[in-house]
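The values are calculated or read from the model by the stated rules, or taken from the named source; none is laboratory data. Here the structure is a predicted model, which is why all the values come from computation and not from measurement. When we count neighbours, we look across all protein chains shown, and the Cβ atoms used for this are built from the backbone with ideal geometry, even at glycine. Areas reflect the complete protein model, heavy atoms only, side chains present, ligands, DNA and RNA absent. Shrake-Rupley method; radii C 1.70, N 1.55, O 1.52, S 1.80 Å.
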Amino acid sequence: VWGHFDDANLVGMVGVQRESHAQLAHKAIIWGMYVDAAHRHRGLGRALINHGLVYAADVLGVRGVNLGVTTSNTVAMALYQSLGFRIYGTEKGFLMIDGVLHDQHLMCCDLPRP
Ligand SMILES: CC(C)(COP(=O)(O)OP(=O)(O)OC[C@H]1O[C@@H](n2cnc3c(N)ncnc32)[C@H](O)[C@@H]1OP(=O)(O)O)[C@@H](O)C(=O)NCCC(=O)NCCS
């Protein structure tokens, strides 16, 4: 997990985790992508996920990374697509918030082989 700090305050984070089962361990997932609202649109989100992708490729050595994003989240999707992520599926009713169902896109990004 990486964080971006403004003095002592955590203002952005992203997590990268390799899949645990041996037959899935050539992939990692990205989770917990978040930038504090007052610090958005300054490139922090892009810098954080770029860091995660470099870690996934160079340190974990995985072939690709997957993530999920709510279909209404056009800002996050634009960021992911600009980095080479593509939608490979859509899960209907993934989340239920206050009784309302929300769909999520499943996205993947292939990483260069060493
Ligand atoms: C998604 C999120 C992490 C982006 O963080 P950020 O620091 O604002 O992003 P950046 O400033 O690095 O911008 C990266 C890209 O996001 C997109 N983006 C950012 N702000 C945008 C806006 N207002 N409208 C449309 N696209 C926008 C653009 O593609 C932008 O790339 P560009 O600067 O080259 O145009 C942030 O909005 C956030 O934390 N949202 C709430 C939590 C969330 O949605 N997490 C993702 C869950 S899957």
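The table for this structure:
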{"quantity": "Linear extension gain, VAL1 paired with ASP98, 0.36 nm per residue minus alpha-carbon span", "calculated": "32.0 nm"}
{"quantity": "Extension reserve of the ASN50-ALA37 stretch, reckoned as 0.36 nm per residue once the Cα distance is removed", "calculated": "2.7 nm"}
{"quantity": "Selected from ILE49, VAL35, TRP2, residue furthest toward positive end of dipole (region 1-51; charges at beta carbon)", "calculated": "ILE49"}
{"quantity": "Charge dipole magnitude, Cβ of K and R +1, D and E -1 - the chain, Cα centre, debye nearest 20", "calculated": "380 debye"}
{"quantity": "For region 1-79, accessible area per residue (1.4 Å probe, heavy atoms of protein chains only), Å²", "calculated": "60 Å²"}
{"quantity": "Solvent accessible area, Å² - TRP31, 1.4 Å probe, full protein context", "calculated": "110 Å²"}
{"quantity": "Solvent-accessible surface ranking, highest first, for SER82, SER20 at 1.4 angstrom", "calculated": "SER20, SER82"}
{"quantity": "Heavy-atom accessible area ranking, 1.4 Å probe, most first, across HIS26, HIS21, HIS102", "calculated": "HIS21, HIS26, HIS102"}
{"quantity": "For region 1-65, size of Cβ-based charge dipole, Lys and Arg +1, Asp and Glu -1, in debye", "calculated": "260 debye"}
{"quantity": "Helical contribution to [θ] at 222 nm, DSSP H n ≥ 4, -39,500 (n - 2.57), averaged over the chain, rounded to 500", "calculated": "-5000 deg cm²/dmol"}
{"quantity": "Percent RCO, i.e. relative contact order, over the chain, from Cα pairs under 8 Å lying at least 6 residues apart", "calculated": "22 percent"}
{"quantity": "Sulfur and carbon atoms: percent of accessible area, the chain [1.4 Å]", "calculated": "54 percent"}
{"quantity": "With DNA, RNA and ligands ignored, accessible area of ASP98 (1.4 Å probe; Å², nearest 10)", "calculated": "150 Å²"}
